[in-house]
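Working notes, structure below.
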Amino acid sequence: RRDDEEKYDDGDGLFATTSYDEREIASAGSRDYRFVEHDAHALFEAFMGDARSERDDERLALGTYYEDATTPTSPICAAFRRIENALRSLDENLAKKLVKMEVEPQLYLLRWLRLGFGREFHRRDVLTLWDAIFESLSAAIGENGETMSSRDFYEGIAVSVLMTMRNDILSLDDFGAVMSRLQNVPPGIQMQHMIARAKAMAVTG
């Protein structure tokens, strides 16, 4: 934890400060309510990425998706290309359909990537997904020595979402109808299955 102080409202609009010594911090459990704000800040910083640190191209940094989407060399445009290439390698027909219908990736991917898919699913499913995203940030090494890129996992979720809507998209012949489907992910998606598929795409040996 970065700080050893906690500020709280004493009820009169005045803020008091509680200090914790190193022993209290060291002995705090993973669910110690006294440090919930510290933990939330650490998760937020890990999710957004630290702009002050040297960029790791394989690590997820949500802040990079907020860069200029009109510049072809920007990180967000690079993400569009990676997602399109991944979809093309897994489902060429679906990728061709989106191109044929002139559905540009920024029309739907901007919201998905910038908001962490928070508006696409039921809140419980969003929490399940975010747990998996935070887990991927640790870049754990599996039993067989494989590693998982948190960036590729996060972008793999977008590919997995598209594939769950495959039949609907292929059956539509109207741009507006396709966009309506992309902006309204159908209910009933098996989140664990979607996460597993995204992890499989992100794992390297």
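Some notes on this structure:
- Condition broken by PHE153, with the remaining ones in (1) part of a helix (DSSP H, G or I); (2) at pLDDT 95 or above; (3) open to solvent by less than 30 Å² (accessible area, probe 1.4 Å) satisfied: (2)
- One residue alone among ARG111, ARG123, ARG197 is out of contact with any helix residue (DSSP H, G or I) (no Cβ under 9 Å at 6 or more places or on another chain), at pLDDT 90 or above and under 17 Å from ILE83 (Cα atoms), and that residue is ARG111.
- Applying the criterion of being part of a helix (DSSP H, G or I) and either farther than 23 Å from ALA202 by Cβ or among the acidic types (Asp, Glu) (or both) to the residues of the stretch 131-150, the residue that is modelled with the lowest pLDDT is GLU135.
- Within the stretch 91-100, considering residues that are in contact (Cβ under 8 Å) with a residue 40 or more places away in the chain and surrounded by 16 or more Cβ atoms within 10 Å (Cβ to Cβ), the one nearest to ARG151 (Cα to Cα): ASP91
- Qualifying positions in the stretch 193-205 - part of a helix (DSSP H, G or I) and exposed (fewer than 12 other Cβ atoms within 10 Å of the Cβ): HIS193
- Pair list, Cβ under 6 Å, 6 or more apart: the stretch 162-182 residue outside any helix (DSSP H, G or I) and open to solvent by 40 Å² or more (accessible area, probe 1.4 Å), other residue at pLDDT 95 or above and among the aliphatic types (A, V, I, L, M): LEU172/VAL178
- Residue match in the stretch 120-129 (condition: part of a loop (DSSP other than H, G, I, E, B), out of contact with any His (no Cβ under 6 Å at 6 or more places or on another chain) and open to solvent by less than 80 Å² (accessible area, probe 1.4 Å)): yes
- Yes/no for ASN167 being closer than 17 Å to GLU92 by Cα and out of contact with any helix residue (DSSP H, G or I) (no Cβ under 9 Å at 6 or more places or on another chain): yes
The values are calculated or read from the model by the stated rules, or taken from the named source; none is laboratory data. Computed from a predicted structure; not experimentally measured. Backbone-built Cβ (ideal geometry, glycine too); neighbour counts: all protein chains shown. For the accessible areas, the whole protein counts, side chains as well, though only heavy atoms, and no ligand, DNA or RNA atoms are used. Shrake-Rupley method; radii C 1.70, N 1.55, O 1.52, S 1.80 Å.
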